[in-house]
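The values are calculated or read from the model by the stated rules, or taken from the named source; none is laboratory data. Quantities reported herein were computed from a predicted structural model and do not represent experimental measurements. Glycine gets a Cβ as well: all are built from the backbone with ideal geometry, and neighbour counts include every protein chain shown.
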Amino acid sequence: MTDMLTIDADFHLPQAGVSDLLPYLDDYWRMQVVDRELPSMPFRLSSYPANAPHARNTAFEGLDVPGALDRFGVSVAVCSMLHGVAGLHNPDMRAALLSAVNDLVARDWLDADTRLRGSIYISGEDPEAAVAEIERLAGDDRFVQVLMLAMQDLPHGARRYWPIYEAAQRHGLAVAIHAGALYRNPPSVSGWPSYQYEDYVIQSQAFENILVSFLGEGVFARFPDLKVVFLESGFGWLPTTLWRMDKTWRGTRQEVPWLDRPPSQITAGRVFLSLQPVDMPGPDEVAQVVKHVGSTDMLLFSTDYPHRQFDGDDPMPAGFPDAALPAIRAGNALRAYPRLGRDPALAARVDFLEVTP
Amino acid sequence: MTRHVLARVDDFTDREVRRIEAGGKPLCVAQVDGRFYALIDRCPHGGAPLSGGRLTGTVESDGPGHYRLCRRDEMLKCPWHGWEFDLATGQSWSDPKATRTRAFAPSTVEGGDLVKGPYVAETVPVEVDGNYVVVDLP
């Protein structure tokens with residue numbers, strides 16, 4: 001437990017059943033969902049059961065949402081309810097059910113615990129509907145990010161998705177990409193794996209593709225205030241990817257002239273990554289990654305409640321410089337999430353931190 | 001400084017890039033719109049002969065999808081890693097803070113009172129009255 005301001009960037013709410021969404025649907029979609037027996041569908045997004053060993057963290061055993069926030073001294077948790085309705089093909093039903101998820105989160109969770117901040121969960125495959133959903137909810141300051149899945153039809157930098165980023169930037173919402181797929185796109189760029197083991201391991205590789213896509217397609221140039229958050233991406237791959245981005249750029253700038261300085265400088269302050277899962281085995285390796293990247297400014301504390309990503313009681317791995325911990329716990333999140341950054345109560349606590357030895 | 005003759009002016013075609021040794025130094029000599037440029041023919045990045053590269057320009061952009069070709073053929077692109085160097089200054093364009101080639105300032109002068117380099121002296125002795133490309137080297 002710590003008195004340090006702590007912002008959890010990746011906190012999962014238990015998935016609501018389809019029947020729980022019925023009050024948030026209009027008459028037509030309620031009739032459709034009931035008549036088609038959809039409440040019996042699990043619509044789970046994860047590729048493993050909820051009670052699989054790696055899905056449950058013993059550190060959270062017996063803790064409900066408020067209890068977990070108490071347990072780790074979380075001041076603010078950016079929460080998400082990853083729901084399988086994002087994978088529906090019917091764009092109208094998908095949009096209706098995504099709206100229902102978002103409304104349920106606001107009423108059942110954001111209203112209940114003031115430490116929670118919400119995600120506007122959208123499907124990238126229908127940018128028009130996604131923008132409409134952002135516009136519908138942006139007036140509620142408790143929503144601090146737009147949430148998309150990592151694996152979709154095209155890499156995230158594609159122009160097709162730009163209306164989403166324009167709306168997010170305009171409303172001061174970060175764009176968060178969470179590990180996960182729609183299960184109709186191979187999780188690997190080289191095709192379909194055979195085993196769940198493969199699917200789980202290669203999730204982080206999608207984020208390397210996404211980072212290069214955001215950069216190369218010019219999203220950071222086009223949307224100069226946009227902030228991007230990777231959730232459950234791991235960050236052990238950052239050094240080599242950043243280096244390859246910089247090295248290759250030197251000889252190929254003419255193709256992508258909107259990259260007007262070394263790419264690692266362009267992504268600094270624009271891309272943030274959640275702490276868990278830490279994909280290094282120990283403190284020495286953590287320190288080596290930090291040394292190679294040259295900064296911890298892009299890391300956001302996360303518990304990944306209720307999933308099992310760390311042993312023991314502390315999500316913060318050993319290996320970071322002590323001086324970097326306050327920023328990893330909270331300061332970086334205030335830069336990643338514009339709406340948190342302009343929250344006077346949080347800013348006051350950061351000021352307090354800065355004058356505390 | 002010693003003045004060396006590199007080549008006859010009219011021996012160069014427009015936008016030709018050629019390696020010429022003078023005073024024991026390999027030079028990368030280029031002619032663009034009648035103006036001559038010479039660089040030490042060794043990329044300061046990886047050591048490639050720059051004379052194997054292509055003339056290029058700079059590309060400016062107002063954002064994704066916007067391209068503006070500027071300073072056409074005033075840059076030389078290294079054949080190995082694609083780094084670009086300003087012919088006039090030797091300034092690297094890929095990483096302006098890190099790398100600069102040594103640029104010389106060739107000029108076109110009337111021949112006759114020059115210390116000729118190997119090319120002119122050995123193969124074109126009668127061109128003393130013609131226009132030569134020359135360079136001063138220490």
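Scanning region A:98-121 finds no residues that are among the aromatic types (Phe, Trp, Tyr), at pLDDT below 95 and crowded, with 19+ Cβ neighbours inside 10 Å. A:His307 fulfils the conditions (1) at pLDDT below 95; (2) within 13 Å of another protein chain (Cβ to nearest Cβ); (3) touching a strand residue (DSSP E or B) at 6+ places or on another chain (Cβ under 9 Å) except for a single criterion, (2).
Residues in region B:40-61 that are facing chain A (nearest Cβ under 8 Å) and surrounded by fewer than 17 Cβ atoms within 10 Å (Cβ to Cβ): B:Glu60 alone.
When the helices (runs of 4 or more DSSP H) confined to region A:279-351 are screened for residues that are free of Cβ contacts under 8 Å to residues at least 40 places away in the same chain, those reaching at least 3 such residues are found at A:283-293. Evaluation of B:Arg15 against the conditions (1) touching a Leu at 6+ places or on another chain (Cβ under 7 Å); (2) modelled with pLDDT of 85 or more; (3) more than 14 Å from chain A (Cβ to nearest Cβ); (4) at negative phi shows that the sole unmet condition is (4).
Identify, by number, the condition in (1) more than 30 Å from A:Asp141 (Cβ to Cβ); (2) modelled with pLDDT under 95 that A:Asp64 doesn't meet. Against the list (1) more than 30 Å from A:Asp141 (Cβ to Cβ); (2) modelled with pLDDT under 95, A:Asp64 comes up short only on (1). Exactly one residue among A:Gly172, A:Gly157 is within 14 Å of another protein chain (Cβ to nearest Cβ), part of a loop (DSSP other than H, G, I, E, B) and of a type outside the set (A, V, I, L, M, F, W, C), and that residue is A:Gly157.
Suppose the filter is under 26 Å from A:Pro186 (Cβ atoms), surrounded by fewer than 23 Cβ atoms within 10 Å (Cβ to Cβ) and aliphatic (A, V, I, L, M); does A:Ala95 pass it? In short, yes. Close contacts from region B:41-58, counting a first residue that is over 18 Å from B:Glu74 (Cβ atoms) and a second that is among the aromatic types (Phe, Trp, Tyr), with Cβ to Cβ under 6 Å and a gap of 6+ residues or different chains, come to B:His45/B:Trp83; B:Gly46/B:Trp80; B:Ala48/B:Trp80.
Just checking, how many residues over region B:20-41 are modelled with pLDDT of 85 or more, in a loop (DSSP other than H, G, I, E, B) and under 15 Å from B:Leu87 (Cβ atoms)? Result for region B:20-41: 2. Evaluated against (1) farther than 24 Å from A:Lys247 by Cβ; (2) within 12 Å of chain A (Cβ to nearest Cβ), B:Tyr37 falls short on exactly one condition, (2).
Mind checking which residues of region A:251-276 are touching a residue at least 12 places away in the same chain (Cβ under 8 Å) and within 14 Å of chain B (Cβ to nearest Cβ)? Residues satisfying the conditions are A:Val256, A:Trp258, A:Leu259, A:Asp260, A:Pro262, A:Pro263, A:Ser264, A:Ile266. Condition test on A:Glu133, is it among the charged types (D, E, K, R), within 26 Å of A:Pro39 (Cα to Cα), under 18 Å from the mean Cα position of the chain (by Cα) and not in a helix (DSSP H, G or I)? For A:Glu133, the condition - among the charged types (D, E, K, R), within 26 Å of A:Pro39 (Cα to Cα), under 18 Å from the mean Cα position of the chain (by Cα) and not in a helix (DSSP H, G or I) - is not met. Please go through (1) under 20 Å from A:Gln276 (Cα atoms); (2) over 15 Å from the mean Cα position of the chain (by Cα) for A:Phe230 and return the number of the only condition it doesn't satisfy. Just one mismatch for A:Phe230, condition (2). Contact annotation: residue pairs with Cβ atoms under 9 Å, 6 or more positions apart or on different chains, pairing a residue in region B:63-75 that is within 12 Å of chain A (Cβ to nearest Cβ) with a partner that is loosely packed, with under 12 Cβ neighbours inside 10 Å, are B:Arg68/B:Asp62.
Here A:Pro257 fulfils each of the conditions (1) modelled with pLDDT under 95; (2) in contact with a strand residue (DSSP E or B) (Cβ under 6 Å, 6 or more places away or on another chain); (3) not in a loop (DSSP other than H, G, I, E, B) apart from (3). Just one of the listed residues (A:Leu82, A:Leu45, A:Leu5, A:Leu97) is assigned to a helix (DSSP H, G or I) and in contact (Cβ under 8 Å) with a residue 60 or more places away in the chain, and it is A:Leu97.
Just one of the listed residues (A:Ala86, A:Ala52) is within 23 Å of A:Gly180 (Cα to Cα) and touching a Ser or Thr at 6+ places or on another chain (Cβ under 6 Å), and it is A:Ala86. Figure legend. Inter-residue proximity from region A:139-166: first residues within 29 Å of A:Arg342 (Cα to Cα) and at pLDDT 95 or above, second residues among the polar types (S, T, N, Q) and assigned to a strand (DSSP E or B), beta-carbon distance below 6 Å, spacing 6+ or different chains. Indicated pairs: A:Gln145/A:Ser119; A:Leu147/A:Ser80; A:Leu147/A:Ser119. If only residues of region A:232-254 that are outside any helix (DSSP H, G or I) and more than 13 Å from A:His292 (Cβ to Cβ) are counted, the one that is modelled with the lowest pLDDT is A:Arg253.
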